[in-house]
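Okay, so here's the structure we're looking at.
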Amino acid sequence: MPAANEKALEIVDLEKRYPNGVEALRGVSIAIEPGDFFGLLGPNGAGKSTLIHCATGLAQPTGGEIRVFGHDALSDYGAARIAIGLAPQEINLDMFLTVEETLDFHGGYFGMPKRDRKERTEELLETFSLTEKARQRTIALSGGMKRRLILARALMHRPRLLILDEPTAGVDIELRLELWHYVQKINAEGVTILLTTHYLEEADQLCGRIAFIAGGTIAAQGRSEDLAARYGVANLEDAYLALVGRRELSRSHVEGGVTA
Amino acid sequence: MSPGQIRFFSLLRREISRFMKIKKQTLGGPLLETFLYITVFGGALGSRIKELHGIEYILFVIPGLIMMSLATNAFTNNSSSILQQKFLGAIHDQLSSPASPRELLLALNLGGFVRGLIVAALTFIVSVVLTNLGVAHVLVLIPALFLVGFFFANLGVLIGVRAEQFDDVAFAQTFVLQPLIFLGGVFYSASLLPQPFETLTRFNPVFYMISLVRYGFVGFSEVNIPVALAALTAATAALFLFNLRLFQRGYKLRS
């Protein structure tokens, strides 16, 4: 039985070396408290998706530990995965299924009884404005609709930890705001969120705590203000630019340059 | 039902739902193909050959065609299903679920087996209507069909997991599976072949599968039935355990 003070996600010295020798993760440690809205930021190839894949069973760590609400993600993977809902970066819908089948099968994979699946499917279709598309094959959906369905699928089995891997990449502003309102709402209801995004203003606005990952290691973590202070800059965006070694792109520099 | 049972039946339903949605291709096509074989070999060759080992030629051929339907459909279903899911990334939804490697593998196997069985059953029904086909040894036929179906379902899983492009699946089917089946004695008796082809046929594992199924339907066999059943059981179990090991390791499924 997990302890009462368990973390939603606890990663200790996580390592991932691919068979081709690439070290994607080199001793990553993070701890996310239940109810947190946690941001994981870093440039492309920093290790964000690999970390998420290790936590959800899509990649096999070569070292370290992952616990989800106290359950070891490797030895007790069943309980760990039930606690996680994953909305991946790529659109990975099954083109043979309809919208409602996508949710129904997902619920089935997570052991939900038929009546519960039916009720939850209707609820999520309504929430994500997909009711009219329920009988359509996923292949016929627009990009925005597919994105909604992926989020609905991640939430289908009522996970306690929702992992959003760049969920707003390529979506229009209306859908982006809609998604964030919903995610903030479920976070307020107690669902822990782990978010990766390239939109720093989103992370700044939404996340209580943020970790910077670069080169497979955690470079810094804390509140947005802590990160700014750590890099001796004014805000999260400048802290990020400092992390990736591109301080010259800071808006203050550019604006200053133009004024001068 | 327990959560584990719900999980397993959901995985299986997904497999069955996939081929049922494209049944013209997955059921209709193979059925037409088998019907054409029966027509051509029964009508054209049958009128000249008449009998093999005292059995009407068409009745000699049909058990092999039923076995071929079962084998190729079980194989094709699983190799295609896995590769399509890998290609789309949709398999991640199942891999990140609490389903164990054993549950995933069994559901995939059973999905392919069900498709193979449907086509084989339809072929049998058509054959019964068109010919005098009966069942001579049901206690051999049922385990033989069960084992053949699961062997090729497992082989389909193996090829689907290993495949990185659709060409890999097509290669296995065209250059390995079809020659083994056609040279395994579907349309002829191995004992009628000249040496060394008769002996070479006995190195083809499909020859024993066809012989088992033929014995079940028409009572004629060129192999030792208990030995062939035992060998097929061992081969199916070994292939299943090999696949299970691959699934546990996440070979070409998890990075």
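Per-structure values
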| read-out | value |
| --- | --- |
| Additional length obtainable on full extension of the chain from B:R48 to B:N132, 0.36 nm per residue less Cα span | 28.4 nm |
| Convex hull of Cα atoms in the stretch A:1-54, direction-averaged projection (nm²) | 4.8 nm² |
| Neighbouring partner chain Cβ atoms per residue of A:51-64, average, 10 Å criterion | 3 |
| Ranked packing of A:205-215, B:221-231, most packed first, by mean Cβ within 10 Å | A:205-215, B:221-231 |
| Whole-number percent relative contact order across the stretch A:98-182, with pairs defined as alpha carbons under 8 Å at least 6 apart | 34 percent |
| Chain A - share of DSSP beta bridges that are antiparallel (%, nearest 5) | 55 percent |
| Cα-based Rg and Dmax for the stretch A:64-139, where Dmax is the largest Cα-Cα distance (Å) | 14.6, 45 |
| Karplus-derived 3J(HN,Hα), 6.51/-1.76/1.60, for each residue of the stretch A:79-93, Hz, glycine and proline x | 5, 5, 6, 4, 7, 10, x, 10, 10, x, 5, 8, 6, 10, 8 |
| Averaged over A:103-115, number of beta-carbon atoms from partner chains that fall within 10 Å | 6 |
| Three principal axis lengths of the protein assembly as shown [C-alpha, angstrom, descending] | 100, 52, 48 |
| Span-rule helices in chain B, defined as complete DSSP H runs reaching 30 Å or more along the axis (Cα) with Kyte mean at least 1.6 | B:101-130, B:138-162 |
| Sequence ranges B:128-136, A:84-92, ranked by mean other-Cβ count within 10 angstrom, highest first | A:84-92, B:128-136 |
| For the protein assembly as shown, size of Cβ-based charge dipole, Lys and Arg +1, Asp and Glu -1, in debye | 1300 debye |
| Amide H contacts under 5 Å for B:L183, placed H, 5+ residues apart | none |
| Relative contact order [Cα under 8 Å, 6+ residues apart], chain B, whole percent | 26 percent |
| For the stretch B:3-249, average projected area of the Cα convex hull in nm² | 13.6 nm² |
| Cβ-based charge dipole, the protein assembly as shown, positive-most Cα from A:G143, A:Y240, A:H181 | A:G143 |
| Computed magnitude of the charge dipole of the stretch B:3-249 (debye, nearest 20; Cβ of K, R +1, Cβ of D, E -1) | 580 debye |
| Long-range HN-HN contacts of B:G89 with modeled amide H, under 5 Å | none |
| Cut-off under 5 Å, modelled amide H: who pairs with A:I213 long-range | A:L41, A:G42, A:A219 |
| Relative contact order computed over chain A (Cα-Cα under 8 Å; 6+ residues apart), in percent | 24 percent |
| Mean residue ellipticity (222 nm) of chain A, computed from DSSP H runs ≥ 4 via -39,500 (n - 2.57), nearest 500 | -11500 deg cm²/dmol |
| Summed side-chain charge close to A:Q60 - residues other than A:Q60 whose Cβ falls under 9 Å, Lys, Arg +1, Asp, Glu -1 | +3 |
| Buried accessible area, chains B and A (both chains, 1.4 Å probe, Å² to nearest 100) | 2700 Å² |
| Helical contribution to [θ] at 222 nm, DSSP H n ≥ 4, -39,500 (n - 2.57), averaged over chain B, rounded to 500 | -23500 deg cm²/dmol |
| Fraction of antiparallel bridges per DSSP, the protein assembly as shown only, in percent to nearest 5 | 55 percent |
| Links that overshoot a 22 Å alpha carbon limit, given the list A:K16/A:K48; A:K7/A:K48; A:K146/B:K86; A:K146/B:K23; B:K21/B:K86; A:K133/A:K185 | A:K146/B:K23; A:K133/A:K185 |
| Alpha-carbon centroids, the stretch A:192-233 and the stretch B:1-72: separation in whole Å | 58 Å |
| Number of partner chain Cβ atoms within 10 Å, mean per residue of A:72-81 | 2 |
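The values are calculated or read from the model by the stated rules, or taken from the named source; none is laboratory data. Small disclaimer: the values here were computed from a predicted structure and weren't measured. Neighbour counts are summed over all protein chains in view; Cβ atoms, including those assigned to glycine, are modelled from backbone coordinates with ideal geometry. For the accessible areas, the whole protein counts, side chains as well, though only heavy atoms, and no ligand, DNA or RNA atoms are used. Shrake-Rupley method; radii C 1.70, N 1.55, O 1.52, S 1.80 Å.
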